[in-house]
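Below: one structure, written as structure tokens.
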Amino acid sequence: MDLSAGPKSTALMARAERVMPGGVSSPVRAFRAVGGTPLVLRSGSGAEFEDVDGKRYIDFVCSWGPLILGHAHPDVIRAIVDTAAHGTSFGAPCEQEIELAEYLTSSYPGLEQARFVSSGTEATMSAIRVARGATGRDKIVKFSGCYHGHADHLLVAAGSGLVTFGRPSSAGVPEAFVRETIVLPLDDEQRLIDLLRRDGDKIAAVIIEPVPANNGLLLQRPEFLATLRTETERAGTLLIFDEVISGFRLARGGAAEIFGITPDLATFGKVIGGGMPVGAFGGRRDLMKNLAPLGGVYQAGTLSGNAVAMAAGLAQLRTLEREKGWTRLEETGRQLEALLKPVLAAAPYGAQLVRIGSLFWISLQDGPAPRSAEAIDSTAADRYRPIFHALLDGGIALAPSAFEAGFLSLAHTTAHLERLRDSLAAAFEAART
Ligand SMILES: *Cc1c(COP(=O)(O)O)cnc(C)c1O
């Protein structure tokens, strides 16, 4: 197999592997699912990045979602530099966090109050703690294939890097820690209704990615999400939308706005941080008042709400809004769909583009697009590997896993999309022979 990394990337990764497990700070970056050596990156601008060997690539990963304006957008960089010049973090309230909280609460359905953390993982972990504290119930429900970060009790049938490891869960998580986590399949109203009507009074919350985007892109039927809302309400169980990917990417009000469903609590990350480490969770005031210092649910963070990260997030969101970002991203997504459709139809195996807004997934399996983790054909990984490397050789970076979504930014142009189309067509042609 052609290994795409140049000599400098290869040498740096050899150094990295001596001092960092797998040479990486997060597992999917290690290319285990596709083989070969990861590129070591040194700069990014707009829709492109450059590796340490000086080769340029069109980036369809966008740091796994945060970079919705592309790399190094001048508005975001200016906000970071100007803010940092006056101090990075104070461990005390700052104006930037109040402004970002006002932006979030005035944007997202039902979000009356929010609290900042430094990652999506912390956001989901903390939202669940609030749900348990508020309801006095212990059990939670998650859906198989949905990823909610790497907190112990959420690493059950999770997606993301865990899919390609072929493991349902993680070593180092005691059985007892996940005993209060119930896993249901997506796209199955009856299982949900049966569980909530029988055991609802023991279940604090149901957490879901309303647009599951960490295990392929498993677009849900609106009726399934609507049932989830009515049944949780009926059971007095809280509904948590994990919008760490979808929030402020699909619309100003995230998937909640698109589906017209208001969750009790929601979690955010990625886009709201403008490329800095930021997460947030929030919801109704009567739930959020359970948090310390007002209530007994403890949650804290040394760098939470720091001025630089808040300023980066605010700058990104304001630019997105000013540039009619959500409308333009939908247009770019539609264009991608139109360009790739004939190419995917001519692939030597079942292939289709699954897309919502600026989130997409090239699914390499037969039949209708899967709507649950159980409907995913794991052998697609074998078909994806040569395609991934052919594209990378040609200067196009897709995610290094068959089951990770792709991301579009405002910096992606027609020319970028056409290059993806042409390279994909050539890669399928090569796969045929
Ligand atoms: C990325 C992601 C997380 C975890 O966020 P981190 O910042 O990586 O901790 C949680 N939930 C969803 C839906 C995500 O996509």
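Scanning segment 1-42 for residues that are in contact (Cβ under 8 Å) with a residue 12 or more places away in the chain, under 16 Å from G54 (Cβ atoms) and not β-branched (V, I, T) yields S4, A5, G6, P7, K8, S9, L12, L39. In this structure, is L41 touching a Phe, Trp or Tyr at 6+ places or on another chain (Cβ under 8 Å), of a type in the set (A, V, I, L, M, F, W, C) and not assigned by TED's automatic domain parsing to the domain that holds Y298? Yes; evaluated as a whole, the condition is true for this residue.
Can you work out which of the residues in segment 11-43 that are β-branched (V, I, T) and surrounded by 18 or more Cβ atoms within 10 Å (Cβ to Cβ) is farthest from A431 (Cα to Cα)? Residue satisfying both the conditions and the ranking: V40. Tell me, which residue of segment 296-341 that is without any contact (Cβ under 8 Å) to a residue 24 or more places away in the chain and among the aliphatic types (A, V, I, L, M) is farthest from L420 (Cα to Cα)? Within segment 296-341, the match that is farthest from L420 (Cα to Cα) is A300.
Listed here are the helices (runs of 4 or more DSSP H) enclosed by segment 252-342 that have at least 1 residues being over 19 Å from the mean Cα position of the chain (by Cα) and either hydroxyl-bearing (S, T, Y) or modelled with pLDDT of 95 or more (or both): 285-288, 307-322.
Looking across segment 225-251, the residues that are over 13 Å from I208 (Cβ atoms) and surrounded by fewer than 18 Cβ atoms within 10 Å (Cβ to Cβ) come down to T230, E233, R234, G236. Which residues, taken from segment 385-433, are aliphatic (A, V, I, L, M), surrounded by 20 or more Cβ atoms within 10 Å (Cβ to Cβ) and not in a loop (DSSP other than H, G, I, E, B)? Residues satisfying the conditions are I387, A390, L391, L392, I396, A397, L417, L420, L424, A427. Checked against (1) without any contact (Cβ under 8 Å) to a residue 40 or more places away in the chain; (2) surrounded by 18 or more Cβ atoms within 10 Å (Cβ to Cβ), A292 passes all but condition (2). Residue selection: F259 fails the criterion of being in contact (Cβ under 8 Å) with a residue 40 or more places away in the chain, touching a Gly at 6+ places or on another chain (Cβ under 6 Å), of a type in the set (F, W, Y) and surrounded by 16 or more Cβ atoms within 10 Å (Cβ to Cβ). Among the strands (runs of 3 or more DSSP E) confined to segment 34-148, the ones with at least 2 residues that are within 30 Å of I208 (Cβ to Cβ) and within 16 Å of the ligand (Cβ to nearest atom) are located at 113-117, 139-143. If T319 meets every condition in (1) within 20 Å of T83 (Cα to Cα); (2) crowded, with 21+ Cβ neighbours inside 10 Å apart from one, which number is that one? Of the numbered conditions (1) within 20 Å of T83 (Cα to Cα); (2) crowded, with 21+ Cβ neighbours inside 10 Å, the odd one out for T319 is (2).
Against the numbered list (1) touching a Gly at 6+ places or on another chain (Cβ under 6 Å); (2) under 28 Å from D382 (Cβ atoms); (3) surrounded by 16 or more Cβ atoms within 10 Å (Cβ to Cβ); (4) of a type outside the set (G, A, S), D59 comes up short only at (1).
Looking only at segment 149-161, which residues are on the phi < 0 side of the Ramachandran plot, in a loop (DSSP other than H, G, I, E, B) and away from the ligand (no atom under 11 Å from the Cβ)?
Within segment 149-161, L155 is the sole residue that qualifies.
Here D194 fits the description: over 30 Å from S409 (Cα atoms) and more than 16 Å from the ligand (Cβ to nearest atom). Within segment 367-415, if we keep just the residues that are in contact with a helix residue (DSSP H, G or I) (Cβ under 8 Å, 6 or more places away or on another chain) and aromatic (F, W, Y), the residue that is nearest to A345 (Cα to Cα) turns out to be F403. Of all the criteria given as (1) farther than 24 Å from G279 by Cα; (2) out of contact with any helix residue (DSSP H, G or I) (no Cβ under 6 Å at 6 or more places or on another chain); (3) modelled with pLDDT under 95, the one not satisfied by L184 is (2). Identify the residue in segment 211-224 that is surrounded by fewer than 24 Cβ atoms within 10 Å (Cβ to Cβ) and within 16 Å of the ligand (Cβ to nearest atom) and, among all such residues, is nearest to E331 (Cα to Cα). Out of the qualifying residues, it is L219.
The values are calculated or read from the model by the stated rules, or taken from the named source; none is laboratory data. Nothing here was measured: the structure is a model prediction, and the numbers come from that model. Cβ coordinates were reconstructed from backbone atoms using ideal geometry, including for glycine residues, and neighbour counts include every protein chain displayed.
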